[in-house]
1. Given a 10 angstrom Cα cut-off, can you work out which residue in Gly173, Gly345, Gly32 is the most mobile in a GNM of the chain?
2. Taking Rh as the Kirkwood radius computed over C-alpha pairs, what is the Stokes-Einstein D of region 1-145 at 4 °C in a medium of viscosity 1.567 mPa s, expressed in µm² per second?
3. Stokes-Einstein at 37 °C, 0.692 mPa s, Kirkwood radius from Cα pairs: D for region 224-339 in µm² s⁻¹?
4. Counting other C-beta atoms within 10 Å, which of Lys127, Lys368 has the fewest, and how do the rest follow?
5. Just to be sure I understand: with springs between alpha-carbon atoms less than 10 Å apart, which residue in Gln277, Gln266, Gln29 has the highest mean-square fluctuation in the Gaussian network model of the chain?
6. Taking the Cα centre as origin and putting +1 on Lys and Arg beta-carbons and -1 on Asp and Glu beta-carbons, what dipole magnitude results for region 272-370, to the nearest 20 debye?
7. Grab the Cα-Cα distance for Ala364 and Ser111, subtract it from 0.36 nm times how many residues apart they are, and report the gain in nm with one decimal.
8. Going 7 Å from the Cα of Glu92 along its beta-carbon direction, which residues of region 145-170 have the amide nitrogen within less than 13 Å of the resulting point?
Amino acid sequence: MEKLIIEKFAGIKSLEIDLTHINVLIGPQASGKSVSAKLIYFFKSFFLEIKKGVENEVTRREINAEHISKFINYFPKESWPDENFSIKYFIENSYFLIQSTNGKNIKFTYSTDIENIIKNAKNIFKKEKERIKNTKSIVSFELSRNFNQKFNELIKNEILDCSTYNQIFIPAGRSFFSNVQASIFSFLSSNKSIDPFLIEFGSFYENFKRFSNDEFFINEKQKKDKDFEKIINNILNSNYTREKEKDYLMHQDKRKVNLSNASSGQQEILPLLIILQTLTKISFSGDGAVLYIEEPEAHLSPNAQKMVVKLFARLFNSNKMKFQMIITTHSPYILSSFNNLMYAGYLSETNIENADIYKIIPQAEIIKPQEVSAYSFTPNKEILSLIDSETHLIAQNILDEVSNEISFEFGKLMELE
């Protein structure tokens, strides 16, 4: 069980969302989608903060202070309201809480079991340090590796497997990287005015680009699955290649276009596609990854948006229960595309022949409805679940709302003739 509760923060009066494996947050700009995703990222990252703090042998107070500084970096004080606010994140029986009085200083607290995890982690680290002192191992490497493994086991046993997952936040504005193709992280980290989430993504992206065209990292399963790469090429309407620290798109008519001269859609989607493709090749010490994906639809046609959702489903199904996704979007096409895959999942659990379903939706793209949550963020900051309680699909009236409004306007205009 995972849940986020927000009271009077970032313009959100009151919010409560339950998280599952794939979570879609849809709504207009400035409605709170991105803030909610970033808050989830912030709270989940505390487990990594604990691990780093224990390895650096700092106190629990110092670990907390570091995380409070991170909150202020992600959500600057000038954006806080002038009234009391609270943000609470639950994971199983544990919780984390951020509170502020009159929008001034904040207080960061958590449940007793998290305190015990910190104590136990310190004891594990101390014992490993003593044990390795008496061996001929390379101390720092051996200590870090063993502690990391035992810390992950501790978190899995006390909380949930997904608490050990690596987090990758893929922000909007990805076209920024089309003009910064080499030494991305060095450039970003030296510019303090840039969004911290863009800086963190830059380090991931720089490393992932090295893997994307490296045959060494392509596993046997991926060699057999050519559909993933085919979908990527169809979205780009070209093939991606990297030469001498520069990114190029190779078109069918043999044109070789530098990414900085490519279309806005290609520039915006390529970083996301590289991340998705690389995640099919590598594994993490934490056994999985949480992907936060902002505006996957940016500058893409409806058909390309549908293909992006197909990639999400293929990645999710490639390593069952090893990925969690939190997707923010403005696009009803993204929502409808997910709903089709969910409907296929619903039908696959009935007496309908699976072979007939697979002719329409490939097996690798089918999603069980219960694995998805979807929430609508309205302009007046209300949050509504879009999942039908009976079918567990996305409610059809929500999907039809915009098209119905457009049709209504068109009908009114026709009446004037």
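Only the coordinates and a few stated rules stand behind these numbers; no lab work does. Please read all numbers here as calculations on a predicted model, not as lab measurements. Don't worry about glycine lacking a Cβ; one is built from the backbone with ideal geometry, like all the others, and counts go over all protein chains shown.
1. It is Gly173.
2. 76
3. 219
4. On the way: Lys127 13, Lys368 17.
If I rank by nearby Cβ atoms, fewest first, I get Lys127, Lys368.
5. So, out of Gln277, Gln266, Gln29, the one fluctuating most is Gln29.
6. Details: 8 positive and 8 negative charges, 45 e Å.
Dipole magnitude for region 272-370 comes out near 220 debye.
7. Contour length minus the Cα-Cα distance gives 87.1 nm.
8. Within reach of a label on Glu92, which here means backbone N under 13 Å from a point 7 Å along Cα→Cβ, region 145-170 contributes 152-165.
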